[in-house]
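Working notes, beginning with the structure itself.
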Amino acid sequence: MIKVKDKTLTKGRELTVSGTIHGLTSCRNSLVVAYFSQPWLEVIAMDGKVLHQFDKSGKSQHFKFPNFMCTTPGGSMFISDNGTNTITKVDAQLNILQTFTSPLQQDPCGITAVTEDQILVCRWDNNSLVLLQPSTNTMSTLLGKDDGIEKPYCLTYCPDQKKVYVAPSSYTATIKVYQVS
């Protein structure tokens, strides 16, 4: 845990979790963790107590490789899974609300929420960013190689600046910045 005091970051404490972490987001004062070794998810309170689990046994075939996660301003969470080529929307108790599949969504990586209905997903194998709109269950290519997108791996949205920051999976020291209108 990191504390912010007087604009200074300091190490606070550590939480011991159930396995090797691959994805992490926060929701309603809890942490949501996707584990690497087995495809399961947990909601963990800030004191380390496990509040909710999704299939620790690994018997469900819903997730194979849950990797990147984001939380919308309203508290829904989206999880990209490049083992199943899906994006899954879950609530704060890890109940599955929607699952999205599309030919546009093969090997999904980084994911970020701009609004409740604008989810951006990296598609590194196709040099593109995909816009997922849950209300209409549609996906469309938003940016591609002609827009400077090359092997996008992770991204984040800054609501204060209304900008999307995209980092490639290659060994470059470049982050692309895009204005959201």
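Quick notes
- Residues satisfying the stated conditions in the range 23-39, i.e. over 18 Å from residue 111 (Cα atoms) and either open to solvent by less than 10 Å² (accessible area, probe 1.4 Å) or in a strand (DSSP E or B) (or both): 30
- If you go through the range 152-181 and keep only what is at pLDDT below 90 and assigned to a loop (DSSP other than H, G, I, E, B), you end up with 169, 170, 171, 172, 173, 174, 175, 180, 181.
- Any hit, the range 127-136, residues being open to solvent by 60 Å² or more (accessible area, probe 1.4 Å) and over 17 Å from residue 24 (Cβ atoms): yes
- The range 19-41, subset over 17 Å from the mean Cα position of the chain (by Cα) and modelled with pLDDT under 80, residue nearest to residue 91 (Cα to Cα): 38
- Any hit, the range 42-50, residues being acidic (Asp, Glu), part of a loop (DSSP other than H, G, I, E, B) and modelled with pLDDT of 85 or more: yes
The values are calculated or read from the model by the stated rules, or taken from the named source; none is laboratory data. Predicted, not measured: the structure shown is a model, and the values here were computed from it. FYI the Cβ positions are ideal-geometry reconstructions off the backbone, even for glycines, and counts take in every protein chain you see. The accessibility values were calculated without ligands, DNA or RNA, using every heavy atom of the protein model including side chains. Shrake-Rupley method; radii C 1.70, N 1.55, O 1.52, S 1.80 Å.
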